[in-house]
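The values are calculated or read from the model by the stated rules, or taken from the named source; none is laboratory data. Because the structure is predicted, anything quoted here is derived from the model rather than measured. Calculation scope for accessible area: heavy atoms of the full protein, side chains included, ligands and nucleic acids excluded. Shrake-Rupley method; radii C 1.70, N 1.55, O 1.52, S 1.80 Å.
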Amino acid sequence: MVFLPDEARSLPPPPIANRISAWLGFCGWFAALLDNGFNQRPVLRAGVHRQILFTTVGWFVGYYLAKRTEYMYAKVDRELLEYVRQHPEDFRGAEKRRIGEVFEEFHPVR
């Protein structure tokens, strides 16, 4: 598939109800309302089947965009973690310090 490579299949699927799907579903519904308005039909009552269709198409496009987004973030995370694993000298852990060593001395001014 051009949109998602085969290695994206190993990722868990995003939730069906996500922010991107809801937003694009709303945009699809609003596009159907605008189409009714521009063609001088009753905005909410005409073409309910078209409103449902546009909302559904927007929802599924949003779902696949969420899938694509999660794949891109997972790919970047994998590359960064691989770099950290190959160059441990650049990413040493900080030595542990007590909280008293972190803060400066406090002298109240009266």
Inset, instruction - Could you provide, to the nearest whole Å², the per residue accessible area of the chain with probe 1.4 Å? - result: 86 Å²
Inset, instruction - Please determine, in degrees from 0 to 90 and to the nearest 10, the orientation of helix 19-38 with respect to the longest principal axis defined by the Cα atoms of the chain, where the helix direction is its Cα long axis. - result: 30 degrees
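Quick check on the chain: helices-only [θ] at 222 nm, where DSSP H runs of length 4 and up contribute -39,500 (n - 2.57) each and the sum goes over total residues. Nearest 500, please.
On the way: 3 runs with 63 residues, N = 110.
The helix contribution divided over the chain gives -20000 deg cm²/dmol.
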Legend entry - Extension reserve of the F91-S10 stretch, reckoned as 0.36 nm per residue once the Cα distance is removed: 26.3 nm
Legend entry - Kirkwood Rh and Cα Rg combined as Rg over Rh, evaluated for the chain: 1.36
